Amino acid sequence: WLNENTVTYQTTIDKRHNLNMLAGITFEESRNKFNSISFSHIPFESLGMAGMKNGTPGTPLGYIEEEATMSYLARAIYNFDSRYYLTATMRADGSSKFDKKNRWGYFPSFAVSWNLSEESFFKPLRSVVSESKFRASWGVTGNNRIDTYARFSELMMMDASEGLYVNQEGIGHGVYPFGEKPSSVGVIPTRLGNQELKWETTKQINVGLDLTLFGDRLNIVTDFYDKVTSDLLMAQTMPYSSGYGELWRNIGEVQNTGFE
């Protein structure tokens with residue numbers, strides 16, 4: 001379910017100062033439930049579901065996952081005489097995927113633009129350039145796309161009568177003896193947790209120029225961008241000697257720069 005609550009205020013002062021403000025709070029929660037059982041070596045497949053009782057049952061599988069997100073947001077847009085524009089935005093996002101000390105991420109952004117075509121010195125060019133706008137922006141965004149319980153270590157129960165158990169990462173675990181008989185139920189570690197996980201962040205700068213030429217016959221949009229993503233959320237492959245397949249971590253940094 002998703003619940004979004006926003007309030008907007010808009011005003012104009014002296015016909016030249018225009019202000020639009022928005023504030024809000026959102027809540028989101030999801031719950032996934034999965035159950036499965038399989039049968040093999042069914043002698044009479046023509047009986048359909050009724051014939052499964054004569055087959056060999058496999059290991060039942062099941063899980064429940066729950067996650068929640070809460071966000072505060074605010075935005076202010078100001079323009080003076082349709083020539084100068086300023087936008088400021090702030091988000092605070094909290095995710096249940098992270099430990100309490102790293103649960104919240106804060107993501108501001110700012111943007112300015114200058115509508116040159118509204119300036120008096122631009123009027124002689126109107127016959128060729130009908131619209132011209134210079135703009136620049138800087139902002140931070142966040143990413144929390146990891147497994148729901150990645151920060152926790154995982155223990156898996158197994159029945160000794162099932163023999164070898166293989167987890168989702170493909171790691172096999174054998175049955176161990178307990179006294180003279182194999183243990184009826186065992187608990188094995190299948191995943192190593194990481195309580196230090198935090199939001200992956202992307203900082204980006206954009207500078208651009210928009211032109212409309214020859215009576216709206218030709219539009220030109222140019223942009224320079226510089227984007228840096230840090231604390232990348234990645235599942236790092238673990239050495240086999242550790243007994244685990246992978247570990248979620250915040251690793252490294254990626255930069256993308258270019259013109260469009």
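Radius of gyration over Kirkwood radius for the chain, both on Cα atoms: the Rg/Rh ratio is 1.19. Among N35, N20, N79, the residue with the largest mean-square fluctuation in a Gaussian network model of the chain, with springs joining Cα atoms closer than 10 Å, is N35. The listed residues T202, T237 rank as T237, T202 when sorted by accessible area, largest first, using a 1.4 Å probe. Just the protein heavy atoms count here, and of the accessible area of the chain at 1.4 Å, carbon and sulfur take up 56 percent. The residues of the chain expose, per residue, 67 Å² of accessible area to a 1.4 Å probe. Each residue, M49 and D226, gets one label point 7 Å from its Cα in the Cβ direction; the gap between the two is 6.3 nm. The amide H of R191, built 1.01 Å from its N in the peptide plane, has E154 as neighbours under 5 Å, considering only residues 5 or more places off or on other chains. Accessible surface of D99, taken over heavy atoms with a 1.4 Å probe and every protein chain present, rounds to 40 Å². Multiplying the residue separation of I13 and K33 by 0.36 nm and removing their Cα-Cα distance gives an extension gain of 1.8 nm.
The magnitude of the dipole of the chain, with charges of +1 and -1 set on the Cβ of Lys/Arg and Asp/Glu and taken from the Cα centre, is near 660 debye. Annotation: M238 carries an accessible surface of approximately 40 Å², with a 1.4 Å probe and no ligand, DNA or RNA atoms counted.
Within the chain, the longest run free of chymotrypsin sites (Phe, Trp or Tyr not before Pro) that sit in a DSSP loop with at most 13 other Cβ atoms within 10 Å is 45-213.
The values are calculated or read from the model by the stated rules, or taken from the named source; none is laboratory data. These figures come from a predicted structure and were not determined experimentally. Cβ: placed from backbone, ideal geometry, glycine included. Neighbour counts: every protein chain shown. The area values use the complete protein model at the heavy-atom level, side chains included, leaving out ligands, DNA and RNA. Shrake-Rupley method; radii C 1.70, N 1.55, O 1.52, S 1.80 Å.
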